[in-house]
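Read the structure below first, then the notes.
FYI, it's all coordinate maths here, none of it is from the lab. Since this is a predicted model, take the numbers as computed values, not measurements. Glycine gets a Cβ as well: all are built from the backbone with ideal geometry, and neighbour counts include every protein chain shown.
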Amino acid sequence: MAQESWGIQGRGPNWGLDAMQRHDPSQLSNRILAKALSLGASLAGSAAIRSIRRTPSHRTAVDLRWPETARTAIILALHHPAGEPSLDWWDSRSGKTPGNRELRRVVGDLCQWLKKELALTAYGLPYGVEDGGIFLKEAAVVAGLGVIGRNNLLVTPRFGSRVRLRALLLDVDLPDGEWPVFDPCAGCPAPCLQACPQEAFARGSYDQRRCLRQIEKDQENPYRIMDMSSMTYAITCIKYCRACELACPVGG
């Protein structure tokens, strides 16, 4: 089974889980990641909890509420192409966005499969660190999905920054992903930094306060979209700014 440097990109064979495979973490990881892709994830990678704890944000976090038995995180990404902006529109329904609802479905289906087929305990994580989640961008780097770009976003070789992330934890040791030989910002004229309507990169590094200004502006200007089931404008949503993300020339 071929494995790209940034995570498995296709289905693998339907191996049976025997004693030998349980003692081969790489083979087990490949099977789990292939299943995640078959369920609808665009990218998937594994990262050891001990490696995630060494990343900058996790080193300074004071309240990481993860199950004590968790040994590995599976990081899933879903492509949000520019041509499908509604995947990222926030509404009042559970999951907040269509894209995140799809990711939650993939996580749920994968957890059920892990329990039924491999007898592994899996913990689907909430999105926010304050609710028991992880810092997804940094975990995704450990999992080999991409690198953090100058736009302060995860940049993947295949999809650029146009991905959304979710994670689950497992009670088994799996290897970290292979870091891609990939430096997307080297020599790039950085259109992402120029695209920001709030000039969040004006001082050379990311200024979260400026970004929050745009978030507040977006929240003050919600849209009403058509409910296709009743053909009425019944759903109110927020179209948050994606200027720096969409300006990235990597991926599509």
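Summary of computed values
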quantity: G45 being of a type in the set (G, A, S), surrounded by 15 or more Cβ atoms within 10 Å (Cβ to Cβ) and in a loop (DSSP other than H, G, I, E, B); calculated: no
quantity: Any hit, the stretch 121-132, residues being in contact with a strand residue (DSSP E or B) (Cβ under 8 Å, 6 or more places away or on another chain) and of a type in the set (S, T, N, Q); calculated: yes
quantity: Residue check, Q194 over 23 Å from the mean Cα position of the chain (by Cα) and crowded, with 17+ Cβ neighbours inside 10 Å; calculated: no
quantity: Residue among I215, I235 that alone is in contact (Cβ under 8 Å) with a residue 24 or more places away in the chain and more than 23 Å from the chain's Cα centre (by Cα); calculated: I235
quantity: Qualifying positions in the stretch 111-140 - under 15 Å from the mean Cα position of the chain (by Cα), assigned to a helix (DSSP H, G or I), of a type in the set (A, V, I, L, M, F, W, C) and within 18 Å of G45 (Cβ to Cβ); calculated: L136, A139, A140
quantity: Test: residue in the stretch 193-215 that is touching a Leu at 6+ places or on another chain (Cβ under 9 Å) and assigned to a helix (DSSP H, G or I); calculated: yes
